[in-house]
Amino acid sequence: MDKMKVSYEAMLGLAAEMTLDEAVLKFRTDRLYQAIDKALASGDKDTFRRLTDELKTLHV
């Protein structure tokens, strides 16, 4: 019975970690899109390229 409890707790921990990772990824992605929009609006090509490169690395 104890092995089953340990396995269940491990699975819950993994599920929580995956949920947190997904939330962080979404937050970072949303922030990057906002910054990319701002760089486009201001015509800042260097910042746009840097931010789009960073966005690409998040989704590899």
Return the distance in nm (one decimal) between the two label points of a simple spin-label model at K3 and M18, each offset 7 Å from Cα along Cα→Cβ.
-> 2.3
Where does helix 2-42 land angle-wise versus the long Cα axis of the chain, in degrees 0 to 90, nearest 10?
-> 10
Leaving out ligands, DNA and RNA but keeping every protein chain, what accessible area does D37 have, in Å² rounded to the nearest 10, with a 1.4 Å probe?
-> 100
What distance in nm separates the simple spin-label points at L58 and R28, each placed 7 Å from Cα in the Cβ direction?
-> 0.8
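In square nanometres, what is the average projected area of the Cα convex hull of the chain? Don't jump to the answer; show the numbers that get you there.
On the way: hull surface 17.3 nm².
Result: a mean projected hull area of 4.3 nm².
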Estimated 222 nm signal from helices in the chain, with DSSP H stretches of n ≥ 4 weighted -39500 (n - 2.57), rounded to 500 = -33000 deg cm²/dmol
Which lysines have a Cα less than 30 Å from the Cα of K38, not counting those fewer than 8 places away in the same chain?
-> K26, K56
Solvent exposure of the chain as accessible area per residue, Å², 1.4 Å probe = 89
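The values are calculated or read from the model by the stated rules, or taken from the named source; none is laboratory data. Not measured: the values here are computed from a predicted model. For neighbour counting, all protein chains shown are included, and Cβ atoms are generated from backbone atoms with ideal geometry for every residue, glycine included. The protein model used for the area step is the full one, side chains on, heavy atoms only, and it has no ligands, DNA or RNA in it. Shrake-Rupley method; radii C 1.70, N 1.55, O 1.52, S 1.80 Å.
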